[in-house]
């Protein structure tokens, strides 16, 4: 949908080929299993969507999405300690169910008469030659095949993209693939929150690759409808399962029991959804010596990153903006190659951050850390520890995580000096909540205390 939004102003018409039916509203969409897991938009993704579809974020918020200040609205336990909730916020997250975000974007795009959708139809091949792609071959639900001619074909089909195979069939060879897999398994479910969710913080317990056990992590996001969306992650040897009775106990195996303490008071609204498709995988289309005119690949079809780091959708939105900026100059010779190189630049930060973390888990396959990787990891760890007590260091990190700065910004002289100086305030010994949040948490604990049960932590 964002790819369609990117090109609609500069072409006669856009046709989206969709394998399934599209829901009318914020309902589950077949073919998007990742929608069962937590999603949020980073600042860079929010800005990109607003560039393509002005007013979309306000529509999301009006529909119940949450705008979360970074770090003021976040309770995060990093491997180096608890981050402070600074009152000054330089970025915001937008948290909502994937279904809601999809529905708002889809409604905006399909309201344009220049864009139409051919549902229950699959792309089964490329038309043209190794010099120029002239369209696609499609197959309908009844098995009938047809040819769709186009001046520009955009593959935004996700992790299941078959473009590498189709290109080989046209004689375009030499494509390389980089795959780094930590083996992380996701398990997620949605809860009715026991507290008002407006203004409720994002909760995150991050994995620590230095610990002698399988890495595990968890996140809790407030979403529309006074609900919490919770995802738990575990590496091989410590994976979560689809067993609903095991969900809360697994949350208690994280480095801190905060998420388990919270969901113990919440009401489950769904079962547990599990996925194992979390590998980082990237195709180096931009490095091919020849690239056919008329073909662009973007999104997860180019680079799919571990969803643990929450940057995939935002990086894709930025790629769509890069597409728009170049298509605005017309469908001229060399356009497709220039777009492919711009898309590669757009995903570089998300790819570097995800792979740069995953390679340090002992369960990871595909690449092991080099001495330079280990040195950089130690430096980023020191900077992260500094960020637990330094607003300047915290801002340097969040600028990159929000996809508003490149990782190279972390070695600016001022940031290096911050890392050298270390945290300016003492580290927190537990999660930081506001007075209002502590009051809500205390009210949750009173029935347990009255019944003679121990009062769990989480309001420190």
Subset of region 221-251 (residues that are within 17 Å of residue 76 (Cβ to Cβ) and free of Cβ contacts under 8 Å to residues at least 60 places away in the same chain): 228, 232, 251
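Picking from 88, 84, which residue would you name as being modelled with pLDDT under 95, in a loop (DSSP other than H, G, I, E, B) and under 18 Å from residue 402 (Cα atoms)?
Working: 84 fails: modelled with pLDDT under 95.
Just one listed residue meets the conditions, 88.
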Matching entry among 155, 112 (being farther than 30 Å from residue 437 by Cβ, in contact with a strand residue (DSSP E or B) (Cβ under 9 Å, 6 or more places away or on another chain) and surrounded by fewer than 18 Cβ atoms within 10 Å (Cβ to Cβ)): 112
Complete set of residues in region 28-58 that are part of a helix (DSSP H, G or I) and within 12 Å of residue 96 (Cα to Cα): 35, 36, 57
Residues (modelled with pLDDT under 95 and more than 30 Å from residue 340 (Cα to Cα)) located in region 256-287: none
Yes/no for residue 240 being in a loop (DSSP other than H, G, I, E, B) and either closer than 14 Å to residue 269 by Cβ or at pLDDT 95 or above (or both): yes
Checklist (1) surrounded by 16 or more Cβ atoms within 10 Å (Cβ to Cβ); (2) over 16 Å from residue 311 (Cα atoms); (3) in contact with a helix residue (DSSP H, G or I) (Cβ under 8 Å, 6 or more places away or on another chain) applied to residue 85, failing item: (3)
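Here is a list: 386, 398. Which entry is part of a helix (DSSP H, G or I), surrounded by 14 or more Cβ atoms within 10 Å (Cβ to Cβ) and more than 25 Å from the chain's Cα centre (by Cα)? If you could, list the steps in order and put the result at the bottom.
Details: 398 fails: more than 25 Å from the chain's Cα centre (by Cα).
Selected residue: 386, the only one of 386, 398 that is part of a helix (DSSP H, G or I), surrounded by 14 or more Cβ atoms within 10 Å (Cβ to Cβ) and more than 25 Å from the chain's Cα centre (by Cα).
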Residue match in region 309-331 (condition: in contact with a strand residue (DSSP E or B) (Cβ under 7 Å, 6 or more places away or on another chain), closer than 24 Å to residue 57 by Cα and outside any helix (DSSP H, G or I)): yes
Lone unmet requirement of (1) touching a helix residue (DSSP H, G or I) at 6+ places or on another chain (Cβ under 6 Å); (2) modelled with pLDDT under 95 for residue 60: (2)
Residue match in region 348-360 (condition: under 21 Å from the mean Cα position of the chain (by Cα) and in a loop (DSSP other than H, G, I, E, B)): yes
Among the candidates 128, 199, 135, residue that is out of contact with any strand residue (DSSP E or B) (no Cβ under 6 Å at 6 or more places or on another chain) and surrounded by fewer than 21 Cβ atoms within 10 Å (Cβ to Cβ): 199
Set 378, 374, 367, 404: member being closer than 16 Å to residue 306 by Cβ and either free of Cβ contacts under 8 Å to residues at least 60 places away in the same chain or under 23 Å from the mean Cα position of the chain (by Cα) (or both): 367
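Which residue out of 286, 293, 224, 248 is in contact with a helix residue (DSSP H, G or I) (Cβ under 9 Å, 6 or more places away or on another chain) and closer than 24 Å to residue 51 by Cα? Step through it out loud before you land on a result.
Working: 286 fails: closer than 24 Å to residue 51 by Cα; 293 fails: closer than 24 Å to residue 51 by Cα; 248 fails: closer than 24 Å to residue 51 by Cα.
Among 286, 293, 224, 248, only 224 is in contact with a helix residue (DSSP H, G or I) (Cβ under 9 Å, 6 or more places away or on another chain) and closer than 24 Å to residue 51 by Cα.
May I ask you to list the residues in region 6-27 that are assigned to a loop (DSSP other than H, G, I, E, B) and farther than 30 Å from residue 271 by Cα? Quick ask: steps written out before the conclusion?
We begin by selecting, within region 6-27, every residue assigned to a loop (DSSP other than H, G, I, E, B); these are 11-13, 18-27.
Of everything in region 6-27, those that are assigned to a loop (DSSP other than H, G, I, E, B) and farther than 30 Å from residue 271 by Cα turn out to be 11, 12, 13.
The values are calculated or read from the model by the stated rules, or taken from the named source; none is laboratory data. Since this is a predicted model, take the numbers as computed values, not measurements. Glycine also receives a Cβ, built like all others from the backbone with ideal geometry; neighbour counts cover every protein chain displayed.
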